[in-house]
Amino acid sequence: MSDAADRDQTPSERSAPGTIRESGLIAWIRRTVSEVGPGLFVILGAEFLVFWRLGHPHFIQTSNFIAIGKRMAINGITAVGETIVIISGGFDLSIGSIAAMAGVGSAAVVENGGTLLGSILTALAIGAFIGLVNGAITGYGRINPFITTLGTLAIVRGVAFVLTNNRQVTVSHEGFQNLGKDTVGGMPYSVLILLLTFIFFGFIVPRYRFGRYMYAIGSNERAAALAGVRINRWKLVFFGVSGMLAGLTGFVNAFQLATGIPSGTTGIELEVITAVILGGASLYGGRGRLLGTFLGLMFLSTLLNGLILSGVSPFYQKIASGSSLILAVLFDEWRRRRLARG
Amino acid sequence: MTDNAIELHDIEKSFGPVEVLKGVSLTVPPSRCYGLVGDNGAGKSTLLKILSGVHPRDAGEILVEGEPVDFNTALDARLAGIEMIYQDLALAEDLDAASNIFLGRERHKGRGPGFKRLDHKRMHAEAAEVLESVGSPLPTKRQVKALSGGERQLVAVARALEFNPRILLMDEPTAALSVEKVNVVNRLIARLKDRGVSMILVSHRFTDLIQVADTIGVLVHGKIVDEFDAASHSMDDMTTRIVRLMSEAAVGAA
């Protein structure tokens, strides 16, 4: 402990996100880069350069960026929820199953004469409900979130299969289909929803208790509990939000394909968790940034898109995401040890 | 006559067949610091846990400012004006000092129920104020993990003070500090007394305790075997006295 006592002079300006309101764009950029990890910015830049110079000529093209954006949207909306859960010290593996279930549900609503609003609310409600169940089991039931959500991953997927008999729900509702085709000033609805999700939570996190407790519980759950923070209630909130955003992802996926697919969005948790960890969030909780997740997503989506354009077999995609995940965790571990040494 | 801050009468506690506390009585007058010395296993932590509402006692009486109290939860103890500072300080290391001090009791902008925005400016200002009042100012925007051991201690104390406690319990307050930093705790305790806070400090490092406490109690095998006023004894006196008691206890146990 004596080294802790000797750290007086460490001129550390690093601060927890959401707890500091320094003014000045430069200060904000410096803080962000140091929290997200400068490495990510470098590899993101290098990646663009490589695909631009060595990849397919179509790589630098608006239409391709829109394709990347659409791909990002599916993983990205639910990645916001995953970031929240991981920063708060949790883990959510069930997002892919939730998205499939919600996608099927929202497609079924419009196919049975429901409105568009009813459809999206159904998707959000399905997601939020499963998320709350995850939160309740993890919090009140004191079950490791990895186990909880591994269980609900299987259960929810199973329920989706049972309810549909593994048949896709094709949507003929025009408004629903149009959401997947129309754009707002050239921007697909999916990308718009992605950006709005990031902006909304980017606004909430530094300004409300939601964000404060997310970091506090992830940083030291016992300390937060001793301070009177109702841990289990907040776990309901965090997992509930994650589930709800997974539900939103399911809705977006369904309108993009004009189909609810019970076997859809399988395995997206791999890419999503990779992006979150790449973005600087710690698996130990307490650390991470939404912006980091956004950049991590950009890196992964661009990587997978660039590989395809460069003529690399899609089979290699999984290898690339898996390797990125391991590298990201190795990096996280290395950074943690470096920080622990002061 | 003013009531004592806290009085314990014949506190007993057993865990199964093991008698941990065998009738502990002690009295802390207002704005005084009581130092409880004892070896590992003497029952210090158990006593603190009873006083902070973690464990119920088996027998005996606790009076806070003359009123008998009963704790079933840590919240009961807090409501009775007792705050506990754990040896590990229980801080959220990734948050800054101000966020830790106001954790669970954030200041908000605006009135009324619903979703209120955090008032960062006010929390930093108030945190700086309370830190200043107990010791030295420190950067309230710095993450706790970047603070020194002494600074962390100040943050933990500042947080406890935000609950307006009448009695502060501190478990091994000097354990995390280097020898020179003990005078930080010394100064801190003086300031706390000025604010009318009474303290019970528990440590096995009695050389630290006899420098800061008004009264010293020696806890051996669940009983207070000696108690004396620190002001009326010389350092050497107290040291020999405690060492003798503790070594007797160790021999007796063997």
Original post:
Can you name the number of the only condition in (1) surrounded by fewer than 16 Cβ atoms within 10 Å (Cβ to Cβ); (2) out of contact with any Leu (no Cβ under 6 Å at 6 or more places or on another chain); (3) within 15 Å of residue B:225 (Cα to Cα); (4) not charged (D, E, K, R) that residue B:73 fails?
Top reply: (3)
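Here's the yes/no breakdown for (1) of a type in the set (S, T, N, Q); (2) at pLDDT below 90; (3) farther than 28 Å from residue B:21 by Cβ:
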{"position": "B:151", "(1), (2), (3)": "no, yes, yes"}
{"position": "B:156", "(1), (2), (3)": "no, no, no"}
{"position": "B:165", "(1), (2), (3)": "no, no, no"}
{"position": "B:197", "(1), (2), (3)": "no, no, no"}
{"position": "B:200", "(1), (2), (3)": "no, no, no"}
{"position": "B:211", "(1), (2), (3)": "yes, yes, no"}
{"position": "B:217", "(1), (2), (3)": "no, no, no"}
{"position": "B:227", "(1), (2), (3)": "no, no, no"}
{"position": "B:232", "(1), (2), (3)": "yes, yes, no"}
Subject >> Near pairs, Cβ below 7 angstrom, 6+ apart or cross-chain, from region B:8-19 (of a type in the set (S, T, N, Q)) to any residue that is open to solvent by 70 Å² or more (accessible area, probe 1.4 Å) and not in a strand (DSSP E or B) >> reply: B:14/B:58
Original post:
Is it true that residue B:172 is within 13 Å of chain A (Cβ to nearest Cβ), open to solvent by 10 Å² or more (accessible area, probe 1.4 Å) and in contact with a strand residue (DSSP E or B) (Cβ under 8 Å, 6 or more places away or on another chain)?
Top reply: yes
Subject >> helices (runs of 4 or more DSSP H) fully within region A:213-318 counting 3 or more residues that are crowded, with 19+ Cβ neighbours inside 10 Å and of a type in the set (Gly, Ala, Ser) >> reply: A:231-257, A:290-309
**OP:** Determine which single condition residue B:146 fails, assuming it passes every other condition in (1) free of Cβ contacts under 8 Å to residues at least 12 places away in the same chain; (2) over 15 Å from residue B:89 (Cβ atoms).
**Re:** (2)
**OP:** List the helices (runs of 4 or more DSSP H) that sit entirely inside region B:1-108 and contain at least 1 residues that are modelled with pLDDT under 90 and of a type in the set (A, V, I, L, M, F, W, C).
**Re:** B:74-79
Original post:
Of the residues A:98, A:147, which is touching a residue at least 60 places away in the same chain (Cβ under 8 Å) and in a helix (DSSP H, G or I)?
Top reply: A:98
**OP:** Out of A:240, A:218, A:186, A:247, report the one residue that is at pLDDT below 95 and not β-branched (Val, Ile, Thr).
**Re:** A:186
Original post:
How many of the residues making up region B:122-145 are surrounded by 15 or more Cβ atoms within 10 Å (Cβ to Cβ), within 11 Å of chain A (Cβ to nearest Cβ) and not in a helix (DSSP H, G or I)?
Top reply: 6
**OP:** Just one of (1) farther than 26 Å from residue B:92 by Cα; (2) among the small types (Gly, Ala, Ser); (3) surrounded by fewer than 21 Cβ atoms within 10 Å (Cβ to Cβ) trips up residue B:222, so point out which.
**Re:** (3)
**OP:** Search region B:37-52 for residues that are charged (D, E, K, R) and pair each with any residue that is part of a loop (DSSP other than H, G, I, E, B) when their beta-carbon atoms are under 7 Å apart and the residues are at least 6 apart or on different chains.
**Re:** B:39/B:204; B:49/B:55
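Regarding region A:109-116, can at least one residue be identified that is of a type in the set (Ser, Thr, Tyr), part of a helix (DSSP H, G or I) and without any contact (Cβ under 8 Å) to a residue 24 or more places away in the chain?
no
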**OP:** Go through region B:74-112 residue by residue and tally those that are within 23 Å of residue A:233 (Cβ to Cβ), small (Gly, Ala, Ser) and more than 8 Å from chain A (Cβ to nearest Cβ).
**Re:** 3
**OP:** Tell me which residues, restricted to region B:146-156, are facing another protein chain (nearest Cβ under 9 Å), in contact with a Gly (Cβ under 9 Å, 6 or more places away or on another chain) and either of a type in the set (A, V, I, L, M, F, W, C) or in a loop (DSSP other than H, G, I, E, B) (or both).
**Re:** B:146
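The values are calculated or read from the model by the stated rules, or taken from the named source; none is laboratory data. Being a predicted model, the structure only gives us computed values, none of them experimental. In this analysis, Cβ positions are derived from the backbone assuming ideal geometry, glycine residues included, and neighbour counts consider all displayed protein chains. To get the accessible areas, we keep the full protein, side chains included, count just its heavy atoms, and leave off ligands, DNA and RNA. Shrake-Rupley method; radii C 1.70, N 1.55, O 1.52, S 1.80 Å.
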